[in-house]
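The values are calculated or read from the model by the stated rules, or taken from the named source; none is laboratory data. The structure displayed is predicted, hence computed values, not measured ones. As a convention, Cβ positions derive from the backbone with ideal geometry for all residues, glycine included, and neighbour counts pool all protein chains shown.
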Amino acid sequence: MTRQYRAYLVGDNGVFRSAEAFEADSDASALRIAQQFTRRGDVEVWQLDRKIGLLAQPTHPSQPDRRPRA
């Protein structure tokens, strides 16, 4: 049985910039599917009102990490 998930692209200021809806069989599968969206930035993955995880945008060795430090 598949479940509905959303991947939210997180802006530099922590505000959601966009969302992508998709279906997955499990939370682990949802995280694997949502990994594709990290090309554009950090992504929070949600299933209804339950946060599944935060996926960080990959950094390339030739590019400095410009994300703010916590």
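The residues on offer are Arg69, Arg6, and the sole one that is touching a strand residue (DSSP E or B) at 6+ places or on another chain (Cβ under 9 Å) and either among the basic types (Lys, Arg) or modelled with pLDDT of 95 or more (or both) is Arg6. Reported count of residues in region 1-46, each being of a type in the set (D, E, K, R), in contact with a Leu (Cβ under 9 Å, 6 or more places away or on another chain) and not in a strand (DSSP E or B), is 1.
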